[in-house]
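The values are calculated or read from the model by the stated rules, or taken from the named source; none is laboratory data. Here the structure is a predicted model, which means the values were calculated and not measured. Glycine also receives a Cβ, built like all others from the backbone with ideal geometry; neighbour counts cover every protein chain displayed. The accessibility values were calculated without ligands, DNA or RNA, using every heavy atom of the protein model including side chains. Shrake-Rupley method; radii C 1.70, N 1.55, O 1.52, S 1.80 Å.
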Amino acid sequence: MQIITEPRQMQTIAEKLRLNRQFIGVVMTMGALHEGHLSLIKLARQSAGTVILTIFVNPSQFGANEDLHQYPRPFEQDVALAKAAGVDYLFAPVAGSIYPENYQTTLKCGSLSERIEGERRPGHFNGVATIVTKFFHITKPHIAIFGEKDAQQLAVIRRLVEDLNLDIKIVAAPIIREENGLAVSSRNIYLSSQERNAASILYQGICHAEKCIGEKQKSLPAIATEIERMIGSTPGCRPDYVVFVDEERFEPVEIAEEEKEYRLLLAAWFGAVRLIDNGKIRA
Ligand code: AMP
């Protein structure tokens, strides 16, 4: 595995790979690699001849009061995991080479990026869209794997690829969970063991929604309110949002229609740690 830190060098390598008819798969991460990331690399490995992994804690997607500076950066450990997972190139630039002095350009996404998670984190998805687009140009992939764990991010990226006519196939990878149902996340290391147990309430909420829909309950806001109550009554937990949306626009949905699929989005605080989760629900 080769480690590349300079965007120009990565671009030159990617161009050569393309000239040699290599099929390139990319997985973009902020590092602190875990089972979720490794499952994306595995998917990329299955369909691409060359796998590029990017590790970059992107400042432009963090709000002023968020955890940019505390975000875990266990680089040596990440290198070992990436190597073992069969990554061919690890692209890990420093912030200065991605956003040099006098950097000015940012993508602006539309209404999809301003709802739900976007409302809580203004500008977040514009930052994500900008870095993802930059990394597409740097790594020149044929396919890119993103996790359903960040369902709204995945929808924003699908929209971006379609709106800007990018010739890249986006592949969605299922959410990897711990034994108690908690979605694996780099931010889970901030949790105390008590909070880690409590955080499984998000997955229990998703299971509860599946049960209610299975019993043909139709009012989605009513089910969401029940789940908020479940989260709120768990010690140390505070719900942020629980909402059912349609898969494309992420607009809240009121009534469950037979045979249709919805996405249940959840966010909650566990002590000082904010976690998100989601599940696809079929009515
Ligand atoms: P991050 O490093 O958190 O920005 O995540 C990088 C990629 O890994 C994104 O596409 C995430 O959706 C994906 N990812 C993060 N956690 C999980 C998980 N538990 N299961 C599957 N994919 C995940």
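Of the helices (runs of 4 or more DSSP H) entirely within region 186-264, those holding at least 3 residues that are open to solvent by less than 20 Å² (accessible area, probe 1.4 Å) occupy 201-214, 220-232. With the condition kept exactly as written, say whether any residue in region 53-76 is of a type in the set (A, V, I, L, M, F, W, C), crowded, with 20+ Cβ neighbours inside 10 Å, touching a residue at least 40 places away in the same chain (Cβ under 8 Å) and over 23 Å from residue 8 (Cα atoms). So far as region 53-76 goes, no, none of its residues is of a type in the set (A, V, I, L, M, F, W, C), crowded, with 20+ Cβ neighbours inside 10 Å, touching a residue at least 40 places away in the same chain (Cβ under 8 Å) and over 23 Å from residue 8 (Cα atoms). Considering region 18-30, the residues that are over 12 Å from the mean Cα position of the chain (by Cα) and open to solvent by less than 20 Å² (accessible area, probe 1.4 Å) include one that is nearest to the ligand (Cβ to nearest atom), namely 26. In this structure, residue 43 qualifies as at pLDDT 95 or above, out of contact with any His (no Cβ under 9 Å at 6 or more places or on another chain) and within 14 Å of the ligand (Cβ to nearest atom).
Return yes when residue 67 is modelled with pLDDT under 95 and under 19 Å from the mean Cα position of the chain (by Cα) and no when it is not. Criteria met by residue 67.
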